Every structure is written in C-alpha cells, then in structure tokens.
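Let me begin by presenting the structure, written as structure tokens, before commenting on it.
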Amino acid sequence: MYDSGKILAGIIIFILLITFPFWLNSIQGEYKGEPELVIDRSNGAQCVKSTDYMRNSHMTLLNEWRDEVVRNDNRFYTISSGERIEMSLSNTCMSCHANKEEFCDRCHDYSGVKPYCWDCHIEQKKLETN
Amino acid sequence: MNILISAAALLILILLVIVGIEAAGLEYFFGVFIPYMAVVIFLSGIIFKLIGWARSPVPFRIPTIAGQQKSLGWIKSSKLDSPATILGVVGRMVLEVLLFRSLFRNTKYETKPGQKLVYGSAKFLWIAALIFHWSFLIIILRHLRYISEPIPSLVPLLQNLDGFFQVGVPELFITNILIVVSLAFLFMRRTADPKNRYLSLTADYFPLLLILAIAITGIMMRYFTKVDIAGIKTFAMGLVSFKPVVPESINVIFYIHLFLVSSLLVYFSFSKLLHMVGVFLSPTRNLSNNNRSVRHVNPWDKPVRIHTYEEYEDEFRDKMKAAGLPLEKE
C-alpha cells in the first residue's frame, strides 16, 4: 500500500501554508506602501528628541517619563535645546501631535500596535472640545 | 566538542553578516537575495523529501500501543491508544501533533549508589518541548504583522494575550521569556547529564543554539537596541509583494536576525528539524491497529512464477508415459 495520495494532499496544504504571506498579499490587493504621516509643525519644527530616536524608541521614552512622573514625582524633562518641558503624554506629545488619527494611529495601524494608554489618558482634541 | 562546533558555526554565521553589512555593504545580498533563496530551498527541500516518502510503501501496521486493541465486543478497547478506526487515528495524531503525547511517556533511568537501576517518569522534556513549540508558533504568527496589510485580526488578539500582564512599554510578551527559558532548559538537558551529553551530536546542539540566537536578536530589537519597525515592515512588504526595496539605516542586528532565520530555513530540510513534517508520517502513530480485522497485502510482493502439477504433467506427459509413471490425465 502506498499513501502517495494523502501525502500529495499534504504537500499542497504545506505549500499553501508556507506561501501564505505571498498570496495573502495578492488577495489583500495592491500594497500602497507606508502610510503618509501628517506632521503638524506649528508648535515647533523639532520633536523632543531626534527624529530617528523618536521613530525607534518613543515608547521607551514614554515609559521613562511615566516612571519618572509616577514614581519620582519629577514632572520636567530638559531637552537637548535646554528647554524644560512637561513629561506628559496628553499635554506634551499630543499638544504637537494633536492629529492622533493621522499620526500615531496611522503608524500604529500599519505596524500592528494598539497602545492601551488611551484607556485612561485623553487625547488633546477631546480635552479641548469638552 | 560537539557544542564547540555548533557554537563556532553559529558565530561564523553571525560574523559573516557583520562583515558583509558593516564592511562590504552587502545589504541587498543579505536583505533580499538570501531570504528569497532560503524560502526556495526550504520549500523545495521539504517537497523533495515528501515526494521521497510518498514513493515509499507504507509499512505493515506496527501496534506499538499503550492500550487494549479492539477485539471482542465485551472486552473494553482503548479507542485512542490503540485505534481501530480512522477517527481514532486522527484523534491520536491530533494529540500527538498538538500535545506531544509520546514525549509525555518519556522515562528516565538512573542508578543511585547502592541501588538497582531505577526507572521513573521524566516530564520536564515534555513540558519544555511543549512550551518551546507553542511559544515559537505564537511568535511566528505574531510576525504576520510585518507581511500583511491590513493586518489579520488574529495578530492583535495574540498580542493582547501575549502581553496580558502589560509589563513595561513596549509590552513584554510572555512567549519571549518562555522561549528563551525553555530553549535554555533543552540545552541544559543535553549538557548537564553525562549520558545525554554522550548521546548529543552537533546536529542536536546547532538548531537549539540557532533558534536561541534568533530569539535573542529579536528580543534585543524589541526591547533594547530598537529598530524602526514601520521601516522594517515596509521592507518585508516589499519582499512579499515581489517589489523588494533595501532598507536604509537599519541596525545590523536586524540583518543578523534575518540571516539566522534564513539559515534556519535552509538548514531545515537537511536536518532533524524536518520532524515538523515527519511527525505526520510516524508509522506507529498514523496507522490504525486493525491487523486482525483487515487483510494487508505486502506492497512489494512480486508476483511469484508458479508451475502447477498440471502444467508439469502437460510438459512431460510423453516422457512420463514412456517411463510408465501414473498420470492424472491421460
């Protein structure tokens, strides 16, 4: 007895599974590239740290800020220009990046992250309209 | 010695990338050519092996059972451990593939001073293997976020479960810890015990170290050295949509991670890692124990040339008659 029929079916299933990313991609339609981020420069042309750093490590920075504020009650942070800014997610980040949907969310949706911070923290926009 | 060879091989792979990226600037080679090649070798290697297996005859049922085989109606049979039906076999296979039941039966034996040889149950191999394989699967599925747009809802679900404890930012994934701990245990299991060390080959250590290195580089990128995740997704999307773009300003750690994954894919079908597909073809697991109720014909039986007595008589009738021998037919 040979089981070549069953193994052949197995091979087909295996190929479909492994090439999943490739055909998933063609099913999902034309890949449009990285989403465009809308950056509002009206409050300053620079972020609190270099763009490269922000791009890779803004979550680490936020974590450090959170720990400083919540554990050490230290609310101010000196940026490289010497300016002292408030360490705050809603008040600092979101004052410049008020367009959360076109900035944070766009990149997060693309990267597959859903920060749970907004369970408690409020967006600047909602703060203003309230 | 075997450990040293595997560690050296791993080190050479890593150095190769560092030199290739930092000194020679071979981003296109390591970022595009190698991954494509690895996927092709992985796929074709496994298909080649599978075709070989498809052409081999299925052996006679091996009733290595841990339960009563089906016989008379009033004798209770074990439907899962000694299945007589396809359904039972499917059940046994599913449990084998998902829960590694064979490993659960793993035993250890040792002689303590002044004692006879003692056999005992050894569940740690099973537990560590289960943790490792499931963590690895979840981690691989989480990586779907890099190669799909929009991202299937399975990924956020897994991320939420995996980051359940919400430790730190970026969220600590439980599987990241589990995979490193279980791999470390599986490595220690081979090295700590002289008997196991004696039995372990380079081919046992190398995959463990390779996967450990892949996990560690991934963890480094996520929590410590940091990479531009959106940029890497753009790069990965380029690969899967066959419009490769070479990422700029991406940390060499990412290239090491990618190259080690490619090495794993290439190494896969030539090594014991092939048990990923081989497990489905375990003859002691995937054949029902119905030796007594179904006739199994040996597939490689050649038709035997037989010469019956009638034919013999036909052939030698004249001579037999002449010699006066008795004949069945005149």
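The values are calculated or read from the model by the stated rules, or taken from the named source; none is laboratory data. Just so it is clear, the structure is predicted and the values come from calculations on it, not from any experiment. Because the Cβ atoms are built from the backbone with ideal geometry, glycine has one as well, and the counts that use them run over all protein chains shown. All accessible areas refer to the heavy atoms of the entire protein, side chains included, with ligands and DNA or RNA removed. Shrake-Rupley method; radii C 1.70, N 1.55, O 1.52, S 1.80 Å.
Brief remarks follow.
- In region B:1-83, chymotrypsin sites (Phe, Trp or Tyr not before Pro) in a DSSP loop with at most 11 other beta-carbon atoms within 10 Å: B:74
- Sum of -39500 (n - 2.57) over DSSP H runs of 4+, divided by residues of the protein assembly as shown (222 nm, nearest 500): -16000 deg cm²/dmol
- Fraction of accessible area attributable to carbon and sulfur, region B:2-297 (%, probe 1.4 Å): 73 percent
- Spatial separation of Cα centroids for region B:88-147 and region A:1-73, in angstrom: 32 Å
- Relative contact order for chain B, counting Cα pairs under 8 Å that sit 6 or more residues apart, in percent: 29 percent
- Point-charge dipole on Cβ atoms (K/R +1, D/E -1) for the protein assembly as shown, about Cα centre, debye to 20: 1960 debye
- In this Cβ point-charge picture (+1 for Lys and Arg, -1 for Asp and Glu), region B:1-97 has a dipole of about 800 debye about its Cα centre.
- Whichever lysines have a C-alpha closer than 25 Å to that of residue B:321, once near sequence neighbours (fewer than 8 apart) are set aside: B:329
- Total charge dipole magnitude, chain B, about the Cα centre, Cβ charges on Lys, Arg, Asp, Glu only, Debye to nearest 20: 1160 debye
- Here's the picture: charge each Lys and Arg Cβ at +1 and each Asp and Glu Cβ at -1 in the protein assembly as shown, and of B:127, B:177, B:83 the one pushed furthest to the positive end of that dipole is B:83.
- Of all complete DSSP H helices in chain B, not one has a Cα span along the helix axis of 30 Å or greater and a mean Kyte-Doolittle hydropathy of 0.0 or more.
- Projecting the Cα atoms of A:116, B:327, B:155 onto the charge dipole of the protein assembly as shown, computed from C-beta unit charges around the Cα centre, puts B:327 farthest toward the positive end.
- Semi-axis lengths, Å, region B:2-297, gyration tensor of Cα atoms, sqrt of 5 times eigenvalues: 40, 24, 21
- Within the protein assembly as shown, the proportion of Cα pairs with more than 39 Å between them is 42 percent.
- To the nearest 10, the accessible area of residue B:137 is 80 Å² with a 1.4 Å probe.
- Shape of region B:226-326, Cα gyration tensor, a/c cut at 1.5: prolate
- Relative contact order for chain A, counting Cα pairs under 8 Å that sit 6 or more residues apart, in percent: 25 percent
- Looking at the protein assembly as shown, the accessible area is 61 square angstrom per residue; that uses a 1.4 Å probe and ignores ligands, DNA and RNA.
- Across the options B:143, B:72, B:232, the greatest Cα extent toward the positive end of the charge dipole of region B:2-297 (unit charges at beta carbon of Lys, Arg, Asp, Glu) belongs to B:72.
- Rounded to the nearest 10 square angstrom, residue B:225 shows an accessible area of 60 square angstrom against a 1.4 Å probe.
- Each principal axis of the Cα atoms in chain A has its own extent, and those three values, largest first, are 78, 33, 33 angstrom.
- Comparing each chain alone with all protein chains together (probe 1.4 Å, DNA, RNA and ligands left out), the residues of region B:123-148 losing at least 10 Å² of accessible area are B:144, B:145, B:147, B:148.
- Once the Cβ-Cβ distance of residue A:49 and residue B:60 is raised to the sixth power relative to R0 = 60 Å, the FRET efficiency obtained is 0.30.
- Rounded to the nearest 10 Å², the accessible area of residue B:181 at probe 1.4 Å: 90 Å²
- Cα centroid separation - region B:208-247 against region B:16-50, whole Å: 14 Å
- Of all aspartates and glutamates in the structure, those lying under 16 Å Cα to Cα from residue B:272, and not within fewer than 8 positions of it along the same chain, are B:204.
- Under 17 Å from the Cα of residue B:243 - aspartates and glutamates, other chains or at least 8 residues apart: A:30, A:34, B:27, B:149
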